[in-house]
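Heads up, the thing below is written out as structure tokens.
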Amino acid sequence: MAAGPGESLRSHRFAVAIVGLLAAATLVCVGILGARMWYSHTAHYWFLFWNLTLAWVPFVCAGLAYTFSTPRRTLVWLLVVLSALLWLLFFPNAPYILTDFLHLGSMGDLIPGWYDVLMLYWFAWTGLMLGVVSLYLMQEIVAHAAGRPVSWLFVVAVALAGSVGIYLGRFLRWNSWDLLRRPVPVAGDLLGKVTDPATQPRLLGFTLLFAALFLFIYVAVYIFAKLAKPSKEGTP
């Protein structure tokens, strides 16, 4: 059943509010990091700019896939599939910023520790929310196509796959585009870690703990979003 004018207007306002909030948070992140670089006369933490830029890629891809998923034409659904594949490829870049806390205190600058902590929190929160919102949009697509239970299996699978992707980036230093340019070396490197008893505890521990953390955050945001959603007229 097609959405009514009132529901479409509420959805549009919600989308504008989310994009505006995340864009504003991104500007704050850029300002905080820019001020740090100016004050310290160093380019330390410059990689946060790049990491946050990459975190926007899955958000944009999910937005395109969600927009294209409304019409039921074959060509349009091909665009949905393409956007979804790009989203999945770059999705780990959004929550990846949480792992940048590993750099805390390693730069040796005369910057107060509280400043760097708050700066990393700003970047981590923004990247995490970009990932959460993008996953929510993709879950809605799956829910409409295959049902709500399947969509939650999809969420769990993405959380696990994303955690493996973050492991590849943080510990093995592979990038998302390496999966396109050099998929065989990436797969071989990961397989080597999986079969090596010395690295299995870190791989398994990191993947499961990070996936569980992301899932708890995602479910919490999902519940709050559903509670805040206005009910339709005529429904209790």
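Condition check: more than 22 Å from THR207 (Cβ to Cβ), open to solvent by 60 Å² or more (accessible area, probe 1.4 Å) and more than 17 Å from the chain's Cα centre (by Cα). Does ARG148 satisfy that?
When the stated conditions are applied, ARG148 passes them.
Within segment 64-85, track down each residue that is touching a helix residue (DSSP H, G or I) at 6+ places or on another chain (Cβ under 7 Å), surrounded by fewer than 19 Cβ atoms within 10 Å (Cβ to Cβ) and within 19 Å of TYR136 (Cβ to Cβ).
First, pick out the residues of segment 64-85 that are touching a helix residue (DSSP H, G or I) at 6+ places or on another chain (Cβ under 7 Å): 64-66, 68-69, 76, 79-80, 83-84.
In the following step, the residues that additionally are surrounded by fewer than 19 Cβ atoms within 10 Å (Cβ to Cβ) were identified as 64, 76, 79.
Within segment 64-85, just LEU64 meets the criteria.
If a residue must be under 30 Å from LEU64 (Cα atoms) and either crowded, with 18+ Cβ neighbours inside 10 Å or touching a residue at least 12 places away in the same chain (Cβ under 8 Å) (or both), how many such residues does segment 22-46 contain? Even if it seems obvious, please write down each step before you answer.
Looking only at segment 22-46, we keep the residues that are under 30 Å from LEU64 (Cα atoms), and these are 22-33, 46.
Narrowing further to those that are either crowded, with 18+ Cβ neighbours inside 10 Å or touching a residue at least 12 places away in the same chain (Cβ under 8 Å) (or both): 22, 25-26, 28-30, 32-33, 46.
Within segment 22-46, residues that are under 30 Å from LEU64 (Cα atoms) and either crowded, with 18+ Cβ neighbours inside 10 Å or touching a residue at least 12 places away in the same chain (Cβ under 8 Å) (or both) number 9.
Scan (1) part of a helix (DSSP H, G or I); (2) closer than 30 Å to GLY20 by Cα; (3) open to solvent by 50 Å² or more (accessible area, probe 1.4 Å); (4) not hydrophobic (A, V, I, L, M, F, W, C) for the single condition PRO201 breaks and write down its number.
(2)
The values are calculated or read from the model by the stated rules, or taken from the named source; none is laboratory data. These numbers come from a predicted model, not from an experiment. Positions of Cβ are backbone-derived with ideal geometry, glycine not excepted, and every protein chain shown enters the neighbour counts. The accessibility values were calculated without ligands, DNA or RNA, using every heavy atom of the protein model including side chains. Shrake-Rupley method; radii C 1.70, N 1.55, O 1.52, S 1.80 Å.
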